[in-house]
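The values are calculated or read from the model by the stated rules, or taken from the named source; none is laboratory data. Computed from a predicted structure; not experimentally measured. Cβ placement follows ideal geometry from the backbone for every residue including glycine, while neighbour counts extend to all protein chains displayed.
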Ligand SMILES: [Zn+2]
């Protein structure tokens with residue numbers, strides 16, 4: 001049996017979210033990620049059916065990065081008797097705290113699936129007692145024949161690919177792969193000599209717009225809004241996108257590319273996460289580190305106001321224009337941004353800037369598609385503000401980026417399992433890898449198991 005290992009795709013197939021893979025090798029049961037499946041809601045009901053394995057028998061849970069679709073079901077795993085260890089990079093462990101507490105705060109109000117018993121502070125805290133964190137490339141020995149290390153995925157701070165080496169053969173779980181070059185992070189590491197690859201495919205069937213002009217476009221939107229003396233509102237994801245945006249604004253303000261004006265950073269979660277980014281500046285790319293070494297205050301610059309308390313948030317409405325408001329959620333499906341949209345969307349002098357993917361059915365998508373009236377908190381709100389989208393800040397590799405990533409290992413790779421994408425996207429990438437590289441590629445279904453031979 002020791003020449004055979006098994007992977008079961010327990011989640012993260014047929015959809016972008018819900019990553020959860022069981023890797024059985026020698027006598028070890030290893031999980032890679034334990035994420036929430038998310039649709040239009042924070043969590044689908046499918047999350048609450050029992051795991052297809054005995055949680056008490058799992059030895060180690062590896063976490064690729066701190067997005068909720070990779071960590072969100074850790075409290076459920078603990079609730080179901082998980083006694084093993086959790087391994088990740090150091091920033092991932094640090095970022096998981098506020099991310100999990102934020103989600104637990106919302107889900108624990110739901111008694112329907114006993115979520116109030118699963119998303120307790122005890123279960124969240126229990127995770128950190130079992131959690132050991134490592135640097136990238138640190139070698140971890142699991143058995144004499146099986147070692148593992150974290151490789152930089154360049155997706156968000158601390159994000160990692162997990163590279164197992166067993167009997168000289170390499171098995172790589174990618175987690176999410178970054179859209180390098182990122183303003184803050186190093187590029188995704190080049191990985192070669194892989195034998196078995198389990199990879200994401202969020203943008204398996206699409207390519208991004210050019211990234212070269214994203215900062216110039218941002219500058220232009222801000223300047224036009226400034227000239228109109230309007231309010232620019234930016235719905236933003238709390239983890240990574242918010243900090244990237246602060247970093248870009250910091251640079252634009254301090255180099256006098258845009259005038260100084262009030263910029264309200266109005267997301268308690270993003271403010272907490274930014275504090276963690278400050279502790280891990282040595283994980284930023286060289287350019288960002290160099291730029292920040294000249295800067296006495298990291299992620300702080302003239303005009304910036306971080307509004308943690310809701311009373312401060314309410315005062316933003318009356319602050320004089322022109323101004324900028326950055327708030328969550330990124331798809332306007334909740335959070336403080338919704339209140340700002342209600343207040344600012346009806347005025348033609350204002351602008352709403354969308355920088356992230358807007359899922360079908362979300363408020364963000366409706367606004368992006370040019371709907372003239374939206375329904376917010378029981379009221380009809382006219383959308384007269386300028387609507388602008390800049391897509392260059394996407395956090396995921398596009399179809400060409402994913403293809404090039406596999407190309408680097410085409411001489412050795414025996415099988416590629418394409419996961420974490422919508423079916424159309426995953427299948428497109430599978431076909432592209434088969435047709436152009438002659439690689440055995442598959443898009444497994446939820447519950448499928450495959451055997452790997454060594
Ligand atoms: Zn992610």
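List of remarks:
- For segment 296-315, a residue qualifies if it is within 23 Å of residue 222 (Cα to Cα) and touching a helix residue (DSSP H, G or I) at 6+ places or on another chain (Cβ under 7 Å), and the qualifying residues are 298, 299, 301, 302, 303, 306, 307.
- Residue, nearest to residue 240 (Cα to Cα), within segment 193-220, restricted to residues that are within 16 Å of the ligand (Cβ to nearest atom) and part of a strand (DSSP E or B): 199
- Residues that are touching a helix residue (DSSP H, G or I) at 6+ places or on another chain (Cβ under 8 Å) and crowded, with 18+ Cβ neighbours inside 10 Å were ranked within segment 400-419; the one that is farthest from residue 200 (Cα to Cα) is 413.
- Only residues that are surrounded by fewer than 24 Cβ atoms within 10 Å (Cβ to Cβ) and in contact with a helix residue (DSSP H, G or I) (Cβ under 7 Å, 6 or more places away or on another chain) were counted in segment 54-74, giving 2.
- The listed residue being in contact with a strand residue (DSSP E or B) (Cβ under 8 Å, 6 or more places away or on another chain) and more than 16 Å from the ligand (Cβ to nearest atom), out of 170, 190: 170
- On the stretch given as segment 232-291, residues that are more than 20 Å from residue 178 (Cα to Cα) and free of Cβ contacts under 8 Å to residues at least 40 places away in the same chain total 10.
- Test: residue 84 is at pLDDT 95 or above, under 19 Å from residue 118 (Cβ atoms), buried (at least 18 other Cβ atoms within 10 Å of the Cβ) and within 16 Å of the ligand (Cβ to nearest atom): no
- Taking segment 288-399 as the region of interest, the strands (runs of 3 or more DSSP E) fully inside it that hold 3 or more residues being under 30 Å from residue 205 (Cβ atoms) and away from the ligand (no atom under 16 Å from the Cβ) are 351-354, 386-389.
- Taking segment 37-77 as the range and being touching a strand residue (DSSP E or B) at 6+ places or on another chain (Cβ under 9 Å), in a loop (DSSP other than H, G, I, E, B) and within 16 Å of the ligand (Cβ to nearest atom) as the test, the residues that pass are 37, 63, 64, 65, 66, 73.
- Residues in segment 339-360 that are out of contact with any helix residue (DSSP H, G or I) (no Cβ under 7 Å at 6 or more places or on another chain) and within 17 Å of residue 227 (Cα to Cα): 344, 347, 348, 349.
- Members of segment 139-167 that are part of a strand (DSSP E or B) and more than 16 Å from the ligand (Cβ to nearest atom): 140, 141, 142, 143, 146, 147, 148, 149, 163, 164, 165, 166
- Candidate set: segment 168-184, residues that are over 12 Å from the mean Cα position of the chain (by Cα) and part of a loop (DSSP other than H, G, I, E, B); chosen: the one surrounded by the fewest Cβ atoms within 10 Å (Cβ to Cβ): 168
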